[in-house]
Amino acid sequence: MMDLYVLLLCTLQLLKHAGGDSDVQACGGKAADIMFVLDTSGSISYEDFRKEINFTRGVISIFDVSAERTHVGVISFSTKVIEEMGLGEIKNKDEVLERLTSSNIRYQGGGTHTGDALHSLWTDVFIPGVMRPEVSHIAIVLTDGMSYDMAKTKAEAMEVKGRGITVFVIGIGSNMSVDTQELTDIASEPTKNYMFQIANFDVLNSIKSELAFKACKQPPVTTPAPPVMNDNGDIVCVPKAALNLVFGFDITAIGTENAKFILQFIHTMFAELPKMSKRMTVSVISGGECDVQNGRGDALIDNAHSTDEIDHGLKSLSTKASNSIMKKMRLKFDRRARNKVGFLFLDKTLRNLELSQAEKEQKYAAFKKIDLYVIGVGDRVNKTQAESLTTGGHNYFHVDRYESINDVRGKVLCAIS
């Protein structure tokens, strides 16, 4: 009976608001994780690209986007796959629609690498720590042409669907440009419920309500997804959204050898998952002379996106007070970033003046919505002091020596996930 009620409610709401982008709470507030996969290849004109974005906005406007209910995200693909908005990264509908504009989504204009986009769905998006258990997992794929590698597209689609992800596909164009068999391979079964083929981008809005209605009917996934593991077979946590990370330590106090252990810790965090670098941006403030000499201003590592960039920081190490480093960390964050996380490494008890100034920086960080963590090293750290510099009650970690920093890596990843 409840399922019938939800179905009727969906129908009434969709009929009432069909054809508009108004703020509709569809499907009785049913929870779902929905990822849009948008083709931005060269066969799509810029004008049609804008229609594709507007269609996506229109479908999203029908769902009840919130932390507890519908989570949405967007990836675009052409020659490259780009995460435009992580799944559940933004949990307010107005903010989602503000992000999803043709000025914010990148028009690539390259080849149609649909297989790579599908691969990203099950390796980067619908994974533990990003997707939610026991809700519907849905991918909505829009494409206007035959993929670059049709065999890979078919294989990746099978992998996606085999993980309990429902796939809707919309083929835009004539049979000469869109391969019907490939659309069939991508879509969930029965294909009549999950595959749309329309003549051109002008017709997109005509299927908006039907697509949203079918998406809201999808049952939740009851089979738990396999956990993410590293090369050693250990289960690891995955950040739920893209992170802007800044690490800080006093290289003049701890020495270059200990600094290398910290950078190796950061390197390993990046390498823990094959695609972790897509979800993290890392900067390192060391307070040493190399920060100025290497051309990165106050950063030993400046907005790194790869382990190679972190390795470069390791090689460039050469021989300030904690509050000074904390200030530099705070100023280093991108103001536009939503998820700002800072790590301060301490191996000593702070004197009264330095502690007082550091606590002021902690208040600035909290005001700027920066999650500040402290990693204490050795027996000279005053735990009460260290905890007072964090912005949360469980944001302090401790190790006996720098060589053991990697022992808390798993806990750190789970804390920021």
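Summary of computed values
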| quantity | calculated |
| --- | --- |
| SER174 versus GLU68: modelled label distance in nm, points set 7 Å from Cα along the beta carbon direction | 5.2 |
| FRET efficiency for THR101 and LYS369, using Cβ-Cβ distance with R0 set to 25 Å, rounded to 0.05 | 0.55 |
| For LYS51, solvent-accessible area (1.4 Å; no DNA, RNA or ligand), Å² | 60 |
| Heavy-atom surface of the stretch 46-167, accessible at 1.4 Å and reported per residue (Å²) | 37 |
| Within the accessible area of the stretch 86-176 (1.4 Å probe), percent carbon and sulfur | 51 |
| Cβ-Cβ FRET estimate between ALA155 and VAL408, R0 fixed at 30 Å, reported to 0.05 | 0.20 |
| Too-long pairs where the Cα-Cα distance tops 19 Å, listed order kept, from LYS91/LYS340; LYS332/LYS369; LYS260/LYS340; LYS91/LYS328 | LYS260/LYS340; LYS91/LYS328 |
| Amide proton proximity set for ALA139, modelled H, under 5 Å, gap of 5+ | MET35, THR166, VAL167, PHE168 |
| GluC sites (Glu not before Pro) within the stretch 36-138, DSSP loop, no more than 16 other Cβ atoms inside 10 Å | GLU68, GLU134 |
| Global form of the stretch 363-417, assessed from the alpha-carbon gyration tensor, a/c cut-off 1.5 | oblate |
| Modelled FRET efficiency - R0 41 Å, LYS91 with ASN382, Cβ distances, 0.05 increments | 0.65 |
| Average accessible surface area per residue within the stretch 332-417, 1.4 Å rolling probe, Å² | 57 |
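The values are calculated or read from the model by the stated rules, or taken from the named source; none is laboratory data. Keep in mind it's a predicted model, so treat the numbers as computed, not measured. As a convention, Cβ positions derive from the backbone with ideal geometry for all residues, glycine included, and neighbour counts pool all protein chains shown. Note: areas computed on protein heavy atoms with side chains; ligands, DNA, RNA excluded. Shrake-Rupley method; radii C 1.70, N 1.55, O 1.52, S 1.80 Å.
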